[in-house]
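What follows is a single structure, written as structure tokens, with notes after it.
The values are calculated or read from the model by the stated rules, or taken from the named source; none is laboratory data. Since the model is a prediction, treat every value here as computed from it, not as a measurement. Cβ placement follows ideal geometry from the backbone for every residue including glycine, while neighbour counts extend to all protein chains displayed.
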Amino acid sequence: MLTIPAPGASGPRFCDGLRRRDLLRVGTLSVGGLSLPRILAADQAAGRRGHTAVIMIYMCGAPGHQDMYDLKMDAPAEIRGEFRPIATNVPGIRICEHMPRLARIMDKCVPLRSVHGSPDGNHDSFICYTGRTVRNQPPGGWPSIGAVASRLLGPVDPAVPAFVGLSPDAGHPPYGSPGLPGFLGVSHAAFRPNGTASTDIVLERLTPARLDDRRRLLAGVDRLRRDIDASRALEGMDALTQGAFDILTSARLARALDVSEEPAAVRERYGKGDPARFGDGAPRNLEHFLVARRLVEAGARVVTLNFGRWDFHSDNFNGMRDTHLPLFDQGLSALIEDLHARGLDRDVAVCAWGEFGRTPQINKDAGRDHWPQVGGALLAGGGFRTGQVIGATDRLGGEIADRPVHFAEVLATLYRHLGVDPAEASLRDHSGRPQYLLDAAAPLPELA
């Protein structure tokens, strides 16, 4: 089936100007009624590289730093809240009592207590994935770290995408974003196996010989596709189609997504969590932590996942204690321990954070509101110098008292881990202008 968009057709556009319904479609790779190249063009990317990787856990809605890694026991009750700190296996580092598993492996972690850079306290995952704000973007928009890794590093095994987003869609769209490709285009967008493509990544009734016939048919319409493409809208589609063939002719990606291949003890350690969406946020799906490990082990360079909804303007302490902290503690600690057990702790960097912090003052509804002045994060793996805390806030947890850490510094650290120098690497936007990955941000020297 050949579909050509009508002139002036309207509908939602991707950040590079491409409309989902306006893609030129040749229905020759259809499996189960779906066209894999079309799915890839809409939501996913082709490509991958190989040894170092990043797993980023986006904590939708921004958790309270003072209720996790930076408890303020000397503050008044209306600021310190209900939780108490517990000792960790690193002398002098204390964290929330509802994260006992992370406390036992704190020598493998680095809490950041002074993260800043969110300009206005709006809910958006963008700053976590790019180190930049949504303001003053170049033509096409800033690309996320996953898209940059796909573009600059490329695939190690063509059958496993460089950038995989395990983030299901959410009621608030930025909560469900896996990180956008920006001006790099759809060929470097996240491959999202949670959607319709999850049943369309292996050959079923289509033999490799027939698939090769369809590859030749697709090649035969290349001239037509280029003739009708008066803009850059279809740029990158060849890479998407090739990525579709690579995935279909290899079981490597499908196997990486299949946690049933793991020993029962490993699956039990991670747990299942809750696959249902929490409010307008994300599921608290613990199997995603395990899938992320399997994907980077299979060769993915960047894997992003979202977790929960931490925007507790009311009932903060019951919400964190009963629905979020225990599951987060289990999933993240299992991932970190598993990476160490498998000898991947130097190869894989882990970052867990939200878009800002929460108010020191507890409001009348027992909640904490938005606080862009300072937030927190947790790093692990990456060959980092772990077992330390970076940054500090004042007695009330509302202002940075020592060592401010900008989002961009963390992204610079992750880029360096991937082998990309953010001070030197540049990419051209849609206007042809070279753009640096970050604005004058250096990797955190404390971690080297």
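Observations, loosely collected:
- PRO119 being part of a loop (DSSP other than H, G, I, E, B) and either within 29 Å of ALA298 (Cβ to Cβ) or modelled with pLDDT of 95 or more (or both): no
- Residue check, LEU327 without any contact (Cβ under 8 Å) to a residue 60 or more places away in the chain, at negative phi and in contact with a Leu (Cβ under 7 Å, 6 or more places away or on another chain): yes
- When segment 298-319 is filtered for residues that are more than 15 Å from the chain's Cα centre (by Cα) and under 24 Å from PRO181 (Cβ atoms), the ones remaining, listed by number, are ALA298, GLY299.
- Of everything in segment 253-293 that is free of Cβ contacts under 8 Å to residues at least 60 places away in the same chain and among the aliphatic types (A, V, I, L, M), the residue that is surrounded by the most Cβ atoms within 10 Å (Cβ to Cβ) is LEU286.
- Residue match in segment 68-75 (condition: under 25 Å from GLY331 (Cβ atoms), of a type in the set (Asp, Glu) and surrounded by fewer than 24 Cβ atoms within 10 Å (Cβ to Cβ)): no
- Odd one out for ILE95, checked against (1) without any contact (Cβ under 8 Å) to a residue 60 or more places away in the chain; (2) of a type outside the set (Gly, Ala, Ser); (3) in a loop (DSSP other than H, G, I, E, B): (3)
- Selection from segment 274-295 of residues that are farther than 24 Å from GLY376 by Cβ and under 14 Å from the mean Cα position of the chain (by Cα): VAL291, LEU295
- Residues of segment 103-137 that are of a type in the set (A, V, I, L, M) and over 30 Å from ALA147 (Cα atoms): ALA103, ILE105, MET106.
- Taking residues in segment 295-321 that are surrounded by fewer than 24 Cβ atoms within 10 Å (Cβ to Cβ), and partners anywhere that are assigned to a helix (DSSP H, G or I) and not hydrophobic (A, V, I, L, M, F, W, C), the pairs with Cβ atoms closer than 7 Å and at least 6 places apart or on different chains are ALA298/ARG252.
One line per residue, one yes/no per condition, for (1) of a type outside the set (Gly, Ala, Ser); (2) within 22 Å of LEU325 (Cα to Cα); (3) within 22 Å of the chain's Cα centre (by Cα):
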position	(1), (2), (3)
GLY354	no, yes, yes
THR359	yes, yes, no
ASN363	yes, yes, no
GLY375	no, yes, yes
VAL389	yes, yes, no
ASP394	yes, no, no
ILE400	yes, no, no
SER426	no, no, yes
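- Residue list for segment 329-352, filter: of a type in the set (Lys, Arg) and under 21 Å from the mean Cα position of the chain (by Cα): ARG346
- Search result, residues across segment 44-64 that are out of contact with any helix residue (DSSP H, G or I) (no Cβ under 7 Å at 6 or more places or on another chain) and modelled with pLDDT under 95: ARG48, GLY50, HIS51
- Restricting CYS96, CYS109 to residues that are within 29 Å of the chain's Cα centre (by Cα), more than 21 Å from TRP371 (Cβ to Cβ) and of a type in the set (A, V, I, L, M, F, W, C) narrows the list to CYS109.
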